[in-house]
Every structure is written in C-alpha cells, then in structure tokens.
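The values are calculated or read from the model by the stated rules, or taken from the named source; none is laboratory data. If you're wondering where the values come from, they're calculated on a predicted model, not measured in any experiment. Cβ sites come from the backbone with ideal geometry, for glycine too, and all protein chains shown count toward neighbours.
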Amino acid sequence: MKEMLNRVPEVTIWFWLIKVLSTTVGETAADFLSITLGLGLTTTSYIMAGLLIISLFNQFRLKRYVPSSYWTVVVLISIMGTLITDLLVDNYGMSLKFASTMFTIALVSIFVIWYAAEKTLSVHTIFTLKREIFYWLAILFTFSLGTAAGDLAAESLGLGFFYSLLAFAGLIALIATAYYGLNMNSILAFWLAYILTRPLGASAGDLLSQPIADSGLGFGTVDTSAIFLAVIGGLVIYLGFQQKKQLHPVESEEQ
C-alpha cells in the first residue's frame with residue numbers, strides 16, 4: 001500500500017525515456033513560444049509560470065502517482081527551468097558560467113535542507129506534501145542548471161550541439177557503470193543522472209531544431225516540439241492504462 005501512495009513514478013526505463021523527451025520539449029517549446037511566436041521571454045515566463053502553478057496545485061491534491069498529472073508538471077517545469085536560465089542570461093546579462101555555479105549552489109542547498117528535514121533524498125518515499133515540495137524544487141533547479149550547463153558546453157566551450165550531446169551521454173554512461181558495476185549509492189546515482197539528462201535533452205533539442213547554418217539539423221521548434229509531445233502523450237496514456245490494470249486487475253480482465 002505504501003508503494004501505491006508514492007506520489008512519483010518508479011524509476012524504470014519508461015521514466016528515463018519520458019524524462020529525456022520532456023527535457024527536449026522544454027528546450028524547443030521555450031524557443032517556440034518566446035522566439036517563433038514572438039511572445040518574448042518575459043511574457044512566455046508569466047504564461048508558463050501560471051500554467052505550472054495550476055498543474056502543481058492539481059498534483060499536490062492527489063494522494064498517489066497519476067501519470068497524466070505528474071508528467072504534465074515535468075514538461076511545464078522543464079520549460080520553466082529553461083526560461084529562468086534564458087531570462088537571467090539573455091535579459092539580465094548573467095554569464096553561463098556564473099548561472100551554472102549559482103544553480104549548482106541552489107540545488108545543493110535544497111538537497112542539504114531536504115536531508116536535514118527528512119533524513120533522506122530518496123524518490124521512493126515521496127508520500128508527504130513536504131517531501132513532494134522539496135522534490136519539485138530540486139527538479140526545477142536541475143532543469144535550470146542543466147540548461148545553463150548545456151549552453152555553456154555548446155556555446156561558451158565551443159563543443160556545439162552534437163559533441164555536447166555525446167559528452168553528456170558519456171557522463172551518464174559513466175554514472176550507470178559506477179552504479180551497476182561499482183555499487184555507487186543509488187540516490188546519488190539517480191540525482192546525478194537526473195541532472196545530466198537535462199543538458200542531454202537540451203542538446204538534442206537544439207541539434208534537431210536549430211538551423212543547419214547554426215550546426216543544427218533544421219527541423220525547427222514547431223515540428224520537434226510537436227513530435228516529442230506526441231510521443232510523451234502516447235507513453236503517458238500507456239502508463240496510465242498499465243496503472244489502471246495494476247490497481248483494478250479483476251475489472252481489466254473482465255473487460
């Protein structure tokens with residue numbers, strides 16, 4: 001019963017797949033709204049912040065993990081994390097190096113406060129409102145940090161989108177190796193991988209959507225966002241159906 005009351009999903013291959021897709025959407029959708037539609041970073045941020053607050057209120061009222069609610073929040077918080085970084089860098093002139101450092105300090109501070117209050121950072125025991133608030137705060141800053149780190153690697157360090165993608169994929173592979181082969185702490189491995197999948201997805205989003213002249217593949221923000229959102233939607237529907245079967249096995253068999 002305790003497992004069913006957990007407010008976040010189990011960490012499976014589906015979790016990581018949708019998470020990476022969501023990070024890609026966070027990058028391309030933010031660019032689509034602010035640049036392609038011409039809303040600008042400030043207006044887009046207000047709109048996304050409003051939608052995120054509404055989605056979080058809905059998420060907090062739930063007593064267990066519901067795929068549609070949870071992943072809606074993840075997609076919106078991914079977009080919001082991108083917008084926060086872009087606002088600081090593009091509108092207020094903050095350097096990517098300073099932004100990465102600031103978000104790292106903020107994220108570490110959240111983890112320290114979370115652990116001091118709850119004595120755990122495990123995502124397998126998010127069954128109270130306080131823990132879920134810590135969880136979503138940490139995720140917001142992983143997205144902002146990941147956006148800054150991804151842009152820092154691709155732009156300031158000159159790696160470009162493709163080699164940034166390979167670099168972050170390589171780091172994730174190292175963490176997986178340390179976890180499965182060297183008994184790395186599971187909580188540490190999870191959060192390191194969660195942070196790194198953000199710049200991985202952002203690099204993939206930029207690679208797919210940016211013009212060929214800018215080292216991208218030229219698919220554009222509209223097509224890239226639409227395709228990835230469609231895949232996310234299909235997977236979330238599938239997971240919702242699977243959850244229903246687990247919660248009501250007899251009814252599912254009769255149907």
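For region 134-153, give me each residue that is over 11 Å from Leu96 (Cα atoms) and either free of Cβ contacts under 8 Å to residues at least 60 places away in the same chain or in contact with a His (Cβ under 8 Å, 6 or more places away or on another chain) (or both). Listed by number, the residues that qualify are Phe134, Leu137, Ala138.
Specify the residue that is modelled with the highest pLDDT; the eligible residues are those in region 122-135 that are outside any helix (DSSP H, G or I) and closer than 13 Å to Tyr65 by Cβ. Give the derivation first.
The first filter runs over region 122-135 and keeps only residues outside any helix (DSSP H, G or I), leaving 122, 126-128.
With the extra rule that they be closer than 13 Å to Tyr65 by Cβ, the set shrinks to 126-127.
Numbers: Ile126: 89, Phe127: 85.
Only one residue fits best here, namely Ile126.
Considering the conditions (1) surrounded by fewer than 18 Cβ atoms within 10 Å (Cβ to Cβ); (2) in contact (Cβ under 8 Å) with a residue 60 or more places away in the chain; (3) within 21 Å of Gly38 (Cα to Cα), Asp223 is excluded by exactly one of them, (2). Please tell me if Phe60 is assigned to a helix (DSSP H, G or I) and over 30 Å from Thr125 (Cα atoms). Criteria not met by Phe60.
When restricted to residues that are among the aliphatic types (A, V, I, L, M), surrounded by fewer than 15 Cβ atoms within 10 Å (Cβ to Cβ) and not in a helix (DSSP H, G or I), region 30-47 contains 1.
Looking only at helices (runs of 4 or more DSSP H) that lie completely in region 140-255, which have at least 3 residues being under 23 Å from Glu27 (Cβ atoms) and either touching a helix residue (DSSP H, G or I) at 6+ places or on another chain (Cβ under 9 Å) or of a type in the set (Asp, Glu) (or both)?
So the answer is 160-182, 186-209, 220-247.
The set of residues in region 111-121 that are surrounded by 19 or more Cβ atoms within 10 Å (Cβ to Cβ) and part of a loop (DSSP other than H, G, I, E, B) contains only Leu121. Just so you know, in region 76-110 the residues that are assigned to a helix (DSSP H, G or I), hydroxyl-bearing (Ser, Thr, Tyr) and in contact with a helix residue (DSSP H, G or I) (Cβ under 8 Å, 6 or more places away or on another chain) include one that is surrounded by the fewest Cβ atoms within 10 Å (Cβ to Cβ), and it is Thr104. Applying the set (1) more than 21 Å from the chain's Cα centre (by Cα); (2) modelled with pLDDT under 85 to Phe161 leaves exactly one unmet item: (1).
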